[in-house]
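Q: Let me begin by handing over the structure; questions about it come next.
The values are calculated or read from the model by the stated rules, or taken from the named source; none is laboratory data. Treat the numbers as computed from the prediction; the structure is a model and nothing was measured. Quick reminder, even Gly has a Cβ in these numbers, built from the backbone with ideal geometry, and neighbours come from all protein chains shown. Just so you know, the surface numbers come from the protein's heavy atoms only, side chains and all, with ligands and any DNA or RNA stripped out. Shrake-Rupley method; radii C 1.70, N 1.55, O 1.52, S 1.80 Å.
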Amino acid sequence: MKKVILFFCCVTISFRIFAQHCPWDCSGMVMLKTLVPKEMVYKLEPVLVDEGKKLITDTMYGTGKPTYDLCEFLDYKDFTKYRTKKIAVHHWYEYDTVYHFAEGCYIVKYNFCEYTGKALYLRYTDPYSKSKLYHYIEISEERRIHLHNYSNQLYEQRTEEIKNDLKNVILVVNCKEWGLTEKECK
């Protein structure tokens, strides 16, 4: 009987060790769309912060490698370029290069599970202040994407389907909400 129990324990442990985990478990994303020119958006330094207004870092736990990424809102192409370079650090960054559905948006990735039920904000700098003055736009839970929910579509590269599913989730920030003049937005 002891041998049977030992056998089942070994089998159970081996299944847990070799189990394939979804690369998008607890991966969250916020997509931002604005008509403000890219240079001006980057001048505003948009980042994701928590309810205590602290910067959020996207982290791959347990790698033992420098996989800590500041949650900056980056243009889709810049995000993809950055994550492609990071593949040299850890191969899991490759999974962050398949977000074709986000083309034309600014995106940020964060730990979805860690921040579920908590307030999140887009923080940006005041373009007219001589010192660092921050403004905040709350990101409602309806505007947060759990990429795990789209894992099959991501694996199968069903870009148009994901785009359609997420069209009402995109955070849209207009010129006035950024605190900019119409002239600066053209």
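Q: Excluding ligands, DNA and RNA, what is the solvent-accessible area per residue of the chain at a probe of 1.4 Å, expressed in Å²?
A: 61
Q: Moving to a separate point now. Where in the chain lies the longest segment free of chymotrypsin sites (Phe, Trp or Tyr not before Pro) that are both loop residues by DSSP (not H, G, I, E, B) and have at most 13 other Cβ atoms within 10 Å?
A: 62-127
Q: Now for a different question. Test of the criteria: in segment 115-170, which trypsin sites (Lys or Arg not before Pro) are in a DSSP loop and have at most 16 other Cβ atoms within 10 angstrom of their Cβ?
A: Working: sites: 118, 123, 130, 132, 143, 144, 158, 163, 167; in loops: 118, 130, 132, 144, 158, 167.
Hits after loop and neighbour filter: 118, 130, 132, 158, 167.
Q: Residues in segment 105-128, backbone N under 11 Å from the label point at residue 78 (7 Å along the Cα-to-beta-carbon vector): list them, ranges by number please.
A: 106-107
Q: Okay, moving on. Take residue 92 and residue 118, extend 7 Å from each Cα along the Cα→Cβ direction, and tell me the distance between the two endpoints in nm.
A: With each label placed 7 Å out from Cα toward Cβ, I get 1.8 nm.
Q: I've got another one for you. Take the solvent-accessible surface of the protein heavy atoms, probe 1.4 Å, and return the percent of it on segment 101-186 that carbon and sulfur atoms account for.
A: 46
Q: Hey, another quick one. What GluC sites (Glu not before Pro) in segment 75-161 are in a loop by DSSP, with at most 13 other Cβ atoms within 10 Å of the Cβ?
A: Passing both the DSSP loop test and the Cβ count: 103, 156.
Q: Turning to a different aspect of this structure: Grab the DSSP H runs of the chain that are 4 residues or longer, score each as -39,500 (n - 2.57), total them, divide by all residues and round the 222 nm result to the nearest 500 deg cm²/dmol. Write down the numbers at each step before the final one.
A: Values: 7 runs with 55 residues, N = 186.
That comes out to -8000 deg cm²/dmol.
Q: Expected output is a single nm value to one decimal: the length gained when fully extending between residue 125 and residue 182, i.e. 0.36 nm times separation in residues minus the C-alpha distance. What is it?
A: The span from residue 125 to residue 182 would gain 18.7 nm if fully extended.
Q: Enumerate the calculated ³J(HN,Hα) couplings along segment 167-173 in order (Karplus 6.51 cos²θ - 1.76 cosθ + 1.60, θ = phi - 60°), each rounded to whole Hz, writing x wherever the residue is Gly or Pro.
A: Result, rounded to whole Hz: 4, 8, 9, 5, 7, 10, 10.
Q: Nearest 0.05, what FRET efficiency do residue 85 and residue 137 give at R0 = 22 Å with Cβ-Cβ as r?
A: Details: r = 29 Å, r/R0 = 1.31.
Computed FRET efficiency for residue 85 and residue 137 comes out at 0.15.
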